[in-house]
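Asks: Please see the structure below; I have some questions.
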Amino acid sequence: MKLKNNTAKRSLREEWALIRRGISIWNQILPGFWIYGVVCLILDTLFPYFGLYMSAMLVNELAGDRDPRQLFLLATVTVGGGFMISLISRYLGGRNDLKSKYLFQQHEGYISDVQNGLQYEHLENPDVVLLRSRIMADTNAIGGGLFVLFWWLPNLLRSILNILFSVSLAVSMFALRSDREYTGFFGFINSPASATVIVALIVVNSACAIRIATSRTVREQEAMGELAGDNSLHNAYGSLWGPDMIVFDLNRIVLEEFRKFRLRPKWISKKEKVSIRYNSFQILLDAVLNLAIFLFVAVKAFIGVFGIGSFILYQGAIARFVEAVSGLAGAVGRLRDNNRYLVQLYEFLDLPNDMYQGTLAVEKRDDLDYEIEFRDVSFKYPRTDVWALHHVNMKFRIGDKLAIVGENGSGKTMFIKLLCRLYDPTEGKILLNGIDITRYRYEEYMGLFSVVFQDFTLFDFPLGENVSSDMEYDGAKVRDCLIRAGMGEKLTSLDGDSEEKGKALERPLGRDYAINGIDLSGGERQKVAIARALYKDAPFVILDEPTAALDPLAEAAVYEDFNKIAQNKTTVFISHRLSSCRFCDTIAVFDRGELIQRGSHDALVSDTQGKYSQLWEAQAKYYSK
């Protein structure tokens, strides 16, 4: 996969298409958020204009006829209407606050969910890993991506509404003129020409505001982008901790790296200079426009075109209009600049899944009579000409105990990845009961396997959820699997240590998020991972060196016990320690991607010229010494 060029200029339609897709993604993350949000925003924006308009009506009435009934009616509408607008707005705002309470977690959950659904090839692709890192760095350090839409789209809509509301209140001012004849400056203000000049000033100011805001946003983002990589390093150094930091005095190195961040004040200074320069110019333009508008409205009020209440109304509406134009310009500039981060995000979301999903249902057999065959299977990773596996032929049936051995890089793990269909063969076929596995429904085929990978993952969730991979689980079954995996004594001690007896399964692993979390050793964590494989109860169970942290005796005990546990299942063991595989029916020896030997332990050891015998002797001499 090659990253796309993200610097190409886009049309307004293309810019809006990027934003529109971002809105649809937020609708998936927070269903209904925008509906309540838009209504709430309209009411919030309307509220001050309602108050401004009603206040102007009251002032005009007080300065005019002073009709008590009219004054009472205006006061009632002002207070009652304001109360209702505020009440509805607060109610809708409260609902939206509840929806966005866990905004960052929901966003992360969405990205993680997309990643979990990616074709496995992408997860091992360095370009994709780099792309994912860039997205997270831009989100956390710069605030780019979907969060900009979340915060700035409401600002854009608010500015548009302010412009519409202010124009609707102030537009009549330009058409009003006094019946008296004036000359000089007063005559100019009372003529249509003054209105034309004011409108022209507003247009020029609006165009300049948009240009300034766009340039400011681009310059500020460039300045912030320079720090994005430094921020990632800063966070990484800040999270370093462990006994080796003390033993080897590694804090010296970390402190030295922190000193390199002295560039940060320069970055802050650069960003502030950019903001001050552009903001000063914009403030000057706004001041000139506000002065011109104030003189225009004040003189019209002075010569009697409208009353003092209307003066307050028009002056307030125009001031809000000028402010809204600046806000609109800032929002448009920020959103357009953010589209480069959205392009990057969408590139990640749109990664193709080229793996054929299949349509056949996997036969559910009570006798678990399944046969797997590798038929002349070869595989090489994309972007390389080196074969990870080459012309592998092998069959094994349900109930077989198969061990796969070989040196590092011999193709053992790649064999498992192909078996579990994380990848499809470059050449050859893998058959399940005589049918190419690509023809089966992907999820159903994956359901045949329980795998404990060497780099397995446990989460800081409760122990029961880690074993069952579900929030709702069979507690008795979880306990049985833990006991069968060799965690019986540990489980008993955890039950005794719990504040409530027998609540060990509810205690989280680790103490990062809970005081009563469980601290497990490396070997105990591996046994929990094995218990997870047992809980799934799949026909094929695969152990990809999950006991690497155990000593040889403990590892042999786990394999012996596991051999008893998986009596009617096909088990595949991968191990560097050949002594742990002696109980297996068949041992397959891999070397440089090829299957070079296959047979029982005794038969392979007796072949003194074979690779297995050499590996066996090499390991045995260390124990004999």
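Asks: Please find, within segment 383-403, the residue that is farthest from the chain's Cα centre (by Cα) out of those that are open to solvent by less than 10 Å² (accessible area, probe 1.4 Å) and more than 17 Å from residue 569 (Cβ to Cβ).
Replies: Restricting to residues being open to solvent by less than 10 Å² (accessible area, probe 1.4 Å) and more than 17 Å from residue 569 (Cβ to Cβ), the top hit is 394.
Asks: State yes or no: is residue 465 among the charged types (D, E, K, R), within 23 Å of residue 516 (Cβ to Cβ) and touching a Phe, Trp or Tyr at 6+ places or on another chain (Cβ under 9 Å)?
Replies: Spelling it out, residue 465 is indeed among the charged types (D, E, K, R), within 23 Å of residue 516 (Cβ to Cβ) and touching a Phe, Trp or Tyr at 6+ places or on another chain (Cβ under 9 Å).
Asks: Before we move on, is residue 452 modelled with pLDDT of 90 or more, open to solvent by less than 40 Å² (accessible area, probe 1.4 Å) and among the β-branched types (Val, Ile, Thr)?
Replies: Considered against the rule, which asks whether it is modelled with pLDDT of 90 or more, open to solvent by less than 40 Å² (accessible area, probe 1.4 Å) and among the β-branched types (Val, Ile, Thr), residue 452 comes out as no.
Per-residue answers, yes or no, for (1) surrounded by fewer than 18 Cβ atoms within 10 Å (Cβ to Cβ); (2) touching a Pro at 6+ places or on another chain (Cβ under 8 Å); (3) over 26 Å from residue 342 (Cα atoms); (4) aromatic (Phe, Trp, Tyr):
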position	(1), (2), (3), (4)
126	yes, no, no, no
133	yes, no, no, no
139	no, no, no, no
144	no, no, no, no
149	no, no, no, no
152	no, no, no, yes
159	no, no, no, no
166	no, no, yes, no
183	yes, no, yes, no
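Asks: When segment 587-596 is examined, which residues are found to be crowded, with 19+ Cβ neighbours inside 10 Å and at negative phi?
Replies: 587, 588, 589, 590, 595
Asks: Restrict the check to segment 436-451 and report whether at least one residue is over 33 Å from the mean Cα position of the chain (by Cα) and part of a loop (DSSP other than H, G, I, E, B).
Replies: Taking every residue of segment 436-451 in turn, none turns out to be over 33 Å from the mean Cα position of the chain (by Cα) and part of a loop (DSSP other than H, G, I, E, B).
Asks: Show the residue pairs that are 6+ apart or on different chains and have beta-carbon atoms under 7 Å apart, the first residue being within segment 283-307 and in contact (Cβ under 8 Å) with a residue 12 or more places away in the chain and more than 13 Å from residue 174 (Cα to Cα), the second being aromatic (Phe, Trp, Tyr) and outside any helix (DSSP H, G or I).
Replies: Listed pairs, sorted by first residue: 303/182.
Asks: Separate question: Has segment 143-151 got any residue that is touching an Asp or Glu at 6+ places or on another chain (Cβ under 7 Å) and modelled with pLDDT under 80?
Replies: Within segment 143-151 (the criterion being touching an Asp or Glu at 6+ places or on another chain (Cβ under 7 Å) and modelled with pLDDT under 80), the answer is yes, since at least one residue qualifies.
Asks: Filter the helices (runs of 4 or more DSSP H) completely within segment 507-608 down to those with at least 3 residues that are modelled with pLDDT of 75 or more.
Replies: Passing ranges, in order: 522-536, 601-606.
Asks: What tally of residues in segment 333-372 results from selecting those that are in contact with a strand residue (DSSP E or B) (Cβ under 7 Å, 6 or more places away or on another chain) and crowded, with 18+ Cβ neighbours inside 10 Å?
Replies: Residues that pass the stated criteria total 4.
Asks: Residue 533 versus (1) open to solvent by less than 40 Å² (accessible area, probe 1.4 Å); (2) touching a Lys or Arg at 6+ places or on another chain (Cβ under 9 Å): which is the lone unmet condition?
Replies: Unmet for residue 533, out of (1) open to solvent by less than 40 Å² (accessible area, probe 1.4 Å); (2) touching a Lys or Arg at 6+ places or on another chain (Cβ under 9 Å): (2).
Asks: Among (1) under 25 Å from the mean Cα position of the chain (by Cα); (2) under 30 Å from residue 320 (Cα atoms); (3) of a type outside the set (Val, Ile, Thr), there is one condition residue 98 misses while meeting the rest; what is its number?
Replies: (2)
Asks: Oh, and also: Give the number of residues within segment 407-419 that are on the phi < 0 side of the Ramachandran plot, buried (at least 21 other Cβ atoms within 10 Å of the Cβ) and part of a loop (DSSP other than H, G, I, E, B).
Replies: Residues that pass the stated criteria total 1.
Asks: Hey, can you tell me all the residues within segment 381-406 that are of a type in the set (D, E, K, R) and either on the phi > 0 side of the Ramachandran plot or in contact (Cβ under 8 Å) with a residue 40 or more places away in the chain (or both)?
Replies: If the condition is that a residue be of a type in the set (D, E, K, R) and either on the phi > 0 side of the Ramachandran plot or in contact (Cβ under 8 Å) with a residue 40 or more places away in the chain (or both), then 383, 397, 400, 401 are the ones that fit.
Asks: Filter segment 185-202 down to the residues that are open to solvent by 50 Å² or more (accessible area, probe 1.4 Å) and of a type outside the set (A, V, I, L, M, F, W, C), then identify the one that is nearest to residue 47 (Cα to Cα).
Replies: Selected residue: 196.
Asks: Of the conditions (1) touching a residue at least 60 places away in the same chain (Cβ under 8 Å); (2) within 30 Å of residue 318 (Cβ to Cβ), residue 43 satisfies every one except a single condition; which number is it?
Replies: (1)
The values are calculated or read from the model by the stated rules, or taken from the named source; none is laboratory data. Nothing here was measured: the structure is a model prediction, and the numbers come from that model. Here Cβ is always computed from backbone atoms with ideal geometry, including for glycine, and neighbour counts include all displayed protein chains. Accessible surface is based on the protein model in full, side chains and every heavy atom, while ligands, DNA and RNA are left aside. Shrake-Rupley method; radii C 1.70, N 1.55, O 1.52, S 1.80 Å.
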